[in-house]
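Note sheet for the following structure.
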Amino acid sequence: MALTQKEIEHIALLARLDLSNEEKEKCANELSAILDYIDQLQEVNTSGVSYEYQVEGLVNVLDHDEVVVCDEDTRMRILAAMPDRAGDLLRVKGIFS
Amino acid sequence: MPFHQLTIREVHEGLVQKKFSATDVVQSCLEHIEKNDGHIHAFLDVHGASALEHARVVDEKIAKGAEIGVLEGVPIAVKDNMLLAGTRTTAGSKILESYIASYDATVIAKLKKEGAIVIGKTNMDEFAMGSSTENSAFGPTKNPWDTDRVPGGSSGGSAAAVCADECIAALGSDTGGSIRQPASLCGVVGLKPTYGAVSRYGLIAMASSLDQIGPFAKTVEDAAILFDAIKGADAHDSSSATASLQPTLPSLKESVAGMKIGVPKEYFIEGMDEDVSRTVRDALEVLKKEGAELIDIELPHTSYALSVYYVIMPAEVSANLARLDGIRYGRQASDAKDLAETYRRSRGEGFGPETRRRIMLGTYALAAGYYDAYYKKAQSVRQLVRRDFDNAFRSVDCIVTPTSPTPAFLLGEKTSDPLAMYLADIFTVSANIAGVPGLVVPCGFVSRGESRLPVGLQFLGRHFDEETVLRAGHAYESATEWHTQKSPLS
């Protein structure tokens, strides 16, 4: 199944990925080859087979609804990892122009 | 024998008998890394100073006559996708090139509690995506048996570090074969535990329903020691097993006499390397001689497992890696004009080609209009792959297969063809799809030109029955001497 340039651009937008024009073309070819391989799944009769998102059989694993505070060292490391901040606040670019 | 070549068991006994100190062992590993790692690039960061400091504390404890645990003072290498608070953790990616982990992964906390010494962080394919470690943003790792060849991947750094005796043992992670395939290609022991047996808290997520942390070791016993230390339920990982798991070590030395071992015909396929096939068949004879009963079985959906994997894995990758947006941590693109451009450019510039490819594939598979045809279909076939195993385990105790269709391939051999690279995982992905444990044990060598290249035997078991695969692997290992062979860089 061949993907069009327009489809690739749409997926790249959904994935929030900047791709160069050259890469878009390469990506279209590579994804098409992989999708052709994956298409063998359509041969399998799965009528009556449930689809679950895990194989463990765990059901409703819940945690106590409690706030757990981290220690000061951890807090400082989290702050230090921010690429752009003002004091203890994370700074982001404006969403509306 | 130089200290860096020792096993966990040997280090422990030596420390207890005061034949040498923990500092001697750490020093020996550090010197060997210094001398050797330029040839193979197994490590991204070596934590020399903290390892020596830790060793000094252990030595003081021993000098005072205190008892020590089996992992106490043992230098362990850790794949660079597990967080170690206050140190760099890159996941092999440029986007996390200078990221300092803010907390300890549960496995790290457990290793610390046992007194093990983290000697450094090992190289890996970016975000664990690859089968050769060539997708690392920091350059490939090379196979200690032949440095023109790959060590396998994605935990290639950990496998090569253990193989070349740059550490005593290591941790890796396995999403589609990333512990077992490099263990096979480097000739070391590797265990992918049952999904849920080991907490994934603090493991940088690739595909959450498939990822599992496990040990690399020089012997099956060492793998069992390390597995027993890191396993168990964890409140921070809701998918970790709720049942308490018994230690695997005590029953390790029982024989395989009377054990029913399944041999699935779907794993002995055309196109597989003939030398590898012969080596694995010879290994089956050894198990038979040890008293195991070999039974032909069928796992009919095996040929679909890789397709299932290449839908579910990229879908989960695209969701998990959405958090890497250049805002809260990691590399942020400079001079973007708005938030949307910050996201697009931080990700476009920060991720390597394979990561971008899998994010695109996963985003496509989850997009409206394709979800039913790909993702839902793959989840249904996944249940069929799992049922194959459930059926097989009604008549056998474990299953034995080859690990990789070929020995270590040449650097660059498969980098231009993603699909060819994906096929390297054809014998390992089923275990992740079904969630069952898999152990790889060295089972011989094949010749390629001047080089001898290792081959690994894979044991698959029932959910949470690591004990049986470790016991079978241990029996095989005890009957052979492949695991004692040292690479030229050991």
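The values are calculated or read from the model by the stated rules, or taken from the named source; none is laboratory data. These figures come from a predicted structure and were not determined experimentally. So basically every Cβ, Gly included, is an ideal-geometry build from the backbone, and we count neighbours across all protein chains shown.
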Fill in: A:I38 in contact with a helix residue (DSSP H, G or I) (Cβ under 8 Å, 6 or more places away or on another chain), modelled with pLDDT under 90 and either facing chain B (nearest Cβ under 7 Å) or part of a loop (DSSP other than H, G, I, E, B) (or both)
no
Response to the item:
Within the range B:457-490, the residues that are touching a Cys at 6+ places or on another chain (Cβ under 6 Å) and part of a strand (DSSP E or B) are B:L457, B:F459, B:G461
Worksheet item: Out of all the residues in the range B:161-201, which are of a type in the set (D, E) and not in a loop (DSSP other than H, G, I, E, B)?
Response: B:D174
Discussion item. Anything in the range A:77-97 that is within 22 Å of the chain's Cα centre (by Cα) and among the charged types (D, E, K, R)? List them, or say none.
Written reply: A:K93
Discussion item. For the range A:14-34, give me each residue that is out of contact with any Ser or Thr (no Cβ under 8 Å at 6 or more places or on another chain) and either at pLDDT 95 or above or within 8 Å of chain B (Cβ to nearest Cβ) (or both).
Written reply: A:R16, A:L17, A:D18, A:L19, A:E23, A:C27, A:E30, A:L31, A:A33, A:I34
Worksheet item: Can you name the residue in the range A:78-91 that is among the hydrophobic types (A, V, I, L, M, F, W, C) and facing chain B (nearest Cβ under 7 Å) and is also nearest to B:Q332 (Cα to Cα) among such residues?
Response: A:M82
Fill in: Odd one out for B:G449, checked against (1) within 14 Å of chain A (Cβ to nearest Cβ); (2) at pLDDT below 95; (3) surrounded by fewer than 18 Cβ atoms within 10 Å (Cβ to Cβ)
(1)
Discussion item. Which pairs turn up if I take residues in the range B:285-303 that are under 24 Å from B:R387 (Cα atoms) and look for partners that are exposed (fewer than 14 other Cβ atoms within 10 Å of the Cβ) and modelled with pLDDT of 95 or more with beta carbon separation below 6 Å, at least 6 apart in sequence or on another chain?
Written reply: B:L294/B:K288
Discussion item. Pull out all pairs, ordered by first then second residue, where Cβ-Cβ is under 8 Å, the residues are six or more apart or on different chains, the first lies in the range A:5-17 and is farther than 16 Å from B:R323 by Cα, and the second is part of a helix (DSSP H, G or I) and among the β-branched types (V, I, T).
Written reply: A:I11/B:T363
Worksheet, complete the sentence: Taking first residues from the range B:464-489 that are within 17 Å of B:T7 (Cα to Cα) and second residues anywhere that are among the aromatic types (F, W, Y) and in a helix (DSSP H, G or I), the pairs with Cβ under 8 Å that are 6 or more apart or on different chains are B:L470/B:F227
Practice prompt. Kindly indicate whether B:A315 is more than 9 Å from chain A (Cβ to nearest Cβ), crowded, with 24+ Cβ neighbours inside 10 Å and at pLDDT 95 or above.
Written response: yes
Practice prompt. For residues that are exposed (fewer than 12 other Cβ atoms within 10 Å of the Cβ) and either more than 7 Å from chain B (Cβ to nearest Cβ) or over 22 Å from the mean Cα position of the chain (by Cα) (or both), tally how many sit in the range A:43-60.
Written response: 8
Fill in: Residue satisfying condition, being in contact with a helix residue (DSSP H, G or I) (Cβ under 7 Å, 6 or more places away or on another chain) and over 22 Å from B:L226 (Cα atoms), within set B:E114, B:E97, B:E126
B:E126
Worksheet entry | Check on A:G94, in a loop (DSSP other than H, G, I, E, B) and either aromatic (F, W, Y) or more than 9 Å from chain B (Cβ to nearest Cβ) (or both) | no
Worksheet item: Does the range A:45-52 contain at least one residue that is more than 30 Å from B:A235 (Cα to Cα) and touching a Cys at 6+ places or on another chain (Cβ under 7 Å)?
Response: no
Worksheet item: Across the range A:63-77, which residue is modelled with the highest pLDDT among those that are part of a loop (DSSP other than H, G, I, E, B) and facing chain B (nearest Cβ under 8 Å)?
Response: A:C70
Discussion item. Need the failing condition index for B:K121 against (1) assigned to a loop (DSSP other than H, G, I, E, B); (2) more than 30 Å from B:K18 (Cβ to Cβ); (3) among the charged types (D, E, K, R), just the number.
Written reply: (1)
Discussion item. Being in contact with a helix residue (DSSP H, G or I) (Cβ under 7 Å, 6 or more places away or on another chain), free of Cβ contacts under 8 Å to residues at least 12 places away in the same chain, farther than 25 Å from B:M313 by Cβ and of a type in the set (A, V, I, L, M, F, W, C): is that true of A:I95 here?
Written reply: yes
Discussion item. Quick check on the range B:25-48: of everything there that is in contact with an Asp or Glu (Cβ under 9 Å, 6 or more places away or on another chain) and of a type in the set (D, E, K, R), which residue is farthest from B:V189 (Cα to Cα)?
Written reply: B:D45
Discussion item. Kindly evaluate B:T363 against the criterion of being β-branched (V, I, T), over 24 Å from the mean Cα position of the chain (by Cα) and surrounded by 18 or more Cβ atoms within 10 Å (Cβ to Cβ).
Written reply: yes
